[in-house]
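Please read the structure below before turning to the comments.
The values are calculated or read from the model by the stated rules, or taken from the named source; none is laboratory data. Being a predicted model, the structure only gives us computed values, none of them experimental. So basically every Cβ, Gly included, is an ideal-geometry build from the backbone, and we count neighbours across all protein chains shown.
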Amino acid sequence: MKAQLIGKNKKGFATLEILIAFAVIILCIGAVIMVVFGNQSVTVDSQTNNEAISKAQALLEQARANSRLDFNLVNPTNTTETSGSLTYTKTLDVTQADLFTKKVTATISWQTAGRTLSTIMSTLLTNPQAVGGGDTCSSVVSGRNWTNPQMTSYQLGADLLNDPSSDYLINAIDVYNKKMYIAANVTHGNNANTFFVFDVSTPTNPVFVSQIDNDTSVQSGLNAMRVFGNYAYAANATGSNFSNCTSGICGQLQVIDISTNPPKPKLKFKIPGVVGSSGKSIGTSIFYNNGYVYLGLAKVGAGSTNGEFNIIDVHDPLNPIFKGSYVVGNAVNAIFVKNGYAYIATANNENMTILDVSNPSNPVRLGGYTPPGGNNGESVYVVGNTAYLGRTFGSSEFNILNTTIPTAVSLLGSKDLPGNTASINGLIVRDYLAFLITGNDFQVWNISNPTNITQWATPVAFPNQGGGSSPGTATDCEGNYFFVGSLPSGNQKGYLSIIGPGP
């Protein structure tokens, strides 16, 4: 009986040993499976992450290429891309680190096996062309409430210059590195000064620095102005008789040293081969680019051998050298120069003309745009291969043009602005928004779809103390603020308005 009991116990132990062995085998197999599939998951994640890194690098390289073409092309984007069974979200965040630097961050994210993974890479891009002068307006508008722009306005004479008696017409504004330079015509008062400097470290609170009279022999001031380095280059409004005056006594270009306080007028330069009086041949528009001044004139007088568009070498600012000219046949109202091309807005039927200025001694027409209607070209702004043309009141005052092939300019879209004072006297484009200075107000338009341009904000009217209209006369932008000159009809007291985004 004992032996039988012992035998039965042995059989039980054998069965238990078999069960334990099976359990161990199952655990081992499970562990192997987990390791194998875990390794497979790690391999897949590694491959996917490498692909995401490649996409992030491509985003940054595209941003870098855009910055070389035009710093204003570096703006936030958000797209998706499908690769195999995965969908990648590709986000480019752009922030303005300072007036000359943008921080660009590429984020690639995707979902797999219930997890959200991402790869992030960043770099800094700089705008060397703006160092020393040029465009310091930030193209980044994301997160800014431009649906509700806020305006702070000052009467230039009474509020900023302690001179309520004089009439100031603000003809030009250039803001660079927290300094604002204003060129004006001054009439009916005691102050003969026409060139003013303000500190705009706090944009909405300009602080007067200094003022000078650009020419003590005449009352008219300056029509346009650009600042670079230690000098301001100005289009002179002096209506001299260019048939019999000499350079130094009269001239359409004036150079002002702004490194001193107060600034000092240094010289006048007369365009050779140009004659005319009573408003003919005077300076009307100006642009500075890479050591050259591009000067636009009013329609030149009969007998002139040079034209309304002129190129002057100012690598030595105190020794300007005339290089070349182009006969426009009418007034040049605005100039924008980029990548070897000059875009000029004129009073011709061809409202915008594109010139090849790669050889300054021989500017050559490549193409242009002739819109329907009798408007004049009044303002022009260029970003990359897209030109934005503002026209005088009529029809389709705002036009977006594809200039990728300068000899075959094509219309991408246009807008007939509301109101009867809708001449676009100035315009600036920032990413997907166009900011327009019109015959009465400040307007913001969404241009992300050129075939469907839509109003982004309710227009903000310029100050008006005399009834009637209050046309914008000049504008510039630095950082996230616009600086606009306007002139209310009825009292001729010019205003400076600073406009920023709403809260």
The range 150-165 residues that are closer than 11 Å to Ser486 by Cβ and assigned by TED's automatic domain parsing to the domain that holds Pro203, paired with ones that are of a type in the set (Gly, Ala, Ser) and modelled with pLDDT of 95 or more (beta carbon under 6 Å, 6 or more apart):
Met151/Ser497; Ser153/Ser497
Pair list, Cβ < 7 Å and 6+ apart or interchain, from the range 354-374 residues that are not assigned by TED's automatic domain parsing to the domain that holds Gly340 and polar (S, T, N, Q) to residues that are surrounded by 13 or more Cβ atoms within 10 Å (Cβ to Cβ) and assigned to a loop (DSSP other than H, G, I, E, B):
none
Do the conditions hold for Asn491, that is, is it out of contact with any Ser or Thr (no Cβ under 9 Å at 6 or more places or on another chain) and outside any strand (DSSP E or B)?
yes
Among the numbered conditions (1) at pLDDT 95 or above; (2) over 30 Å from Ser448 (Cβ atoms); (3) outside the structural domain of Thr187 (by TED's automatic domain parsing), tell me where Ala172 comes up short.
(3)
Hey, Val209 of a type in the set (Val, Ile, Thr) and surrounded by fewer than 19 Cβ atoms within 10 Å (Cβ to Cβ) or not:
yes
2 or more residues of a type in the set (Asp, Glu): qualifying strands (runs of 3 or more DSSP E) within the range 48-158
86-98
Could you tell me whether Ile256 is in the same structural domain as Val175 (by TED's automatic domain parsing), at pLDDT below 95 and among the hydrophobic types (A, V, I, L, M, F, W, C)?
no
Might you check whether a residue that is under 17 Å from Arg430 (Cβ atoms) and crowded, with 18+ Cβ neighbours inside 10 Å occurs anywhere in the range 106-123?
no
Being outside any strand (DSSP E or B) and not charged (D, E, K, R) narrows it down to one residue among Ala232, Ala192; which is it?
Ala192
Kindly evaluate Ser423 against the criterion of being crowded, with 17+ Cβ neighbours inside 10 Å, in contact with a Pro (Cβ under 9 Å, 6 or more places away or on another chain) and closer than 28 Å to Ser138 by Cα.
yes
Yes or no: the range 462-479 includes at least one residue that is among the hydroxyl-bearing types (Ser, Thr, Tyr) and more than 28 Å from Tyr181 (Cβ to Cβ).
no
With respect to Ser243, determine if the residue is in a loop (DSSP other than H, G, I, E, B), more than 15 Å from Thr216 (Cβ to Cβ) and either outside the structural domain of Ile182 (by TED's automatic domain parsing) or touching a strand residue (DSSP E or B) at 6+ places or on another chain (Cβ under 8 Å) (or both).
no
